[in-house]
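The values are calculated or read from the model by the stated rules, or taken from the named source; none is laboratory data. What you see is a predicted model; the values in this text were computed from it and never measured. Heads up, the Cβs are rebuilt from the backbone with ideal geometry, glycines too, and the neighbour counts pull from every protein chain shown. We work out accessible area using only protein heavy atoms, side chains counted, and drop any ligands, DNA or RNA first. Shrake-Rupley method; radii C 1.70, N 1.55, O 1.52, S 1.80 Å.
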Amino acid sequence: MPSLYLAGTMLGPSELRDEAEARRLAGIGAICLTRQQLAEKFGIDRQGAILGHGNIALDPRKLTAGLLLKSLERKARFYAPVEATMLEDSAEAVVVATRDGPTITARHVVLATGYELVDIVPAAAHRIISTWAIATRPQPRKLWPDAAFIWEASEPYLYMRTTVDGRVICGGEDEDFIDEARRDELIADKSTRIAEKLGLIFPHLDTRPDFAWAGSFGTTTTGLPYIGAIPRHPRIHAVLGYGGNGITFSQIASEIIPASINGLDDTDARLFAFNR
């Protein structure tokens, strides 16, 4: 489905034009909308926006289950719950000790541990951010044309999308993560702010939250994830897909990591390497 990147406090119309041109040069279709075009097509009053196409929405639980089932079809062995407690690597293999006693020996190990960093993973450029979101009541009328994903070039930014049952999911108000308790204490206040901001963009919506929640995600100083072998541990690889673009980065990782394991060069590997 399409996406809209709205002008905001970080990027105005001229900066959005530069961004659209950079996307086109990279082979990504992008169309700049003027204020009038944005109002006519989407009913939004902003200085401008970038209209993109070919975006995808996925159910994360179905996607994960599908990937696990496909892995089992390909003879992977899957064990859960298992807590790894120690990693030891040598020139020939990696040994993983577990809390309940059994050890796993492999030629290579890939760490896809989300925001829980193993001690040997460099953490200098790593931050955890808290974000908040609401889901409105189902709306009785069409929400906006093409059910586009929408977010704005602001700090803090706002992001929104629709659901099949006519709700709007809207989130933002990001802050540095402190702890889960403090993050969750802010849900009510943050939900009110998010609903107010949503109402400014779409005055016709009922923005009262039906559901509200908080979560956390990782980011880096460059916005790029870390993918590749860990320095001084060539048989231990990490896929740390920070930045909110996990689907894209996981696809990139699925190319870089097998190439690394097989001793091949990947043209993108240096962009995501720990020693970049």
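When DSSP beta bridges are restricted to pairs lying wholly in the chain, around 85% turn out antiparallel. In the complete set of protein chains, residue-level accessible area for Trp151 is approximately 70 Å², probe 1.4 angstrom.
Summarising the amide proton neighbourhood of Thr113: residues at separation of 5 or more, or on other chains, whose placed amide H is nearer than 5 Å comprise Val239. Given (i) 20.6, 85; (ii) 21.6, 66; (iii) 18.9, 65, which label gives Rg and Dmax of the Cα atoms in Å as computed from the coordinates? Structure-derived value, by its label: (ii). Here the chain has 55 percent of its accessible surface on carbon and sulfur atoms, given a 1.4 Å probe and all protein chains in place.
Using heavy atoms of the protein chains and a probe of 1.4 Å, the accessible area assigned to Met1 is about 90 Å².
Using Cα springs under 10 Å in a Gaussian network model of the chain, which residue among Ala124, Ala39, Ala212 shows the largest mean-square fluctuation? Comparing Ala124, Ala39, Ala212 in the GNM, the peak value goes to Ala124. Taking label points 7 Å from Cα along the Cα-to-Cβ direction, Met86 and Arg137 give a separation of 5.9 nm. Its relative contact order, with pairs defined as Cα atoms under 8 Å and 6+ residues apart, puts the range 53-113 at 19 percent. A straight chain from Asp119 to Arg35 at 0.36 nm per residue would run longer than the Cα-Cα distance by 25.3 nm.
Solvent-accessible area per residue in the chain equals 60 Å², computed with a 1.4 angstrom probe and all protein chains kept. As a length-normalised measure over Cα pairs under 8 Å and 6 or more apart, the relative contact order of the range 80-134 settles at 21 percent. Relative to the 2.2 N^0.38 Å rule of thumb, the range 1-113 has a C-alpha radius of gyration ratio of 1.79. Considering only Asp265, Asp89, Asp45, the mean-square fluctuation computed in a Gaussian network model of the chain, springs between alpha carbons under 10 angstrom, is largest for Asp265.
Among the GluC sites (Glu not before Pro) in the range 63-143, those placed in a DSSP loop whose Cβ has at most 15 other Cβ atoms within 10 Å are Glu83, Glu92, Glu116.
Summary value for the range 1-69: 41 percent relative contact order, contacts being C-alpha pairs under 8 angstrom separated by 6+ residues.
Mean-square fluctuations from a GNM of the chain, with a 10 angstrom spring cutoff on Cα atoms, peak among Asp179, Asp59, Asp189 at Asp59.
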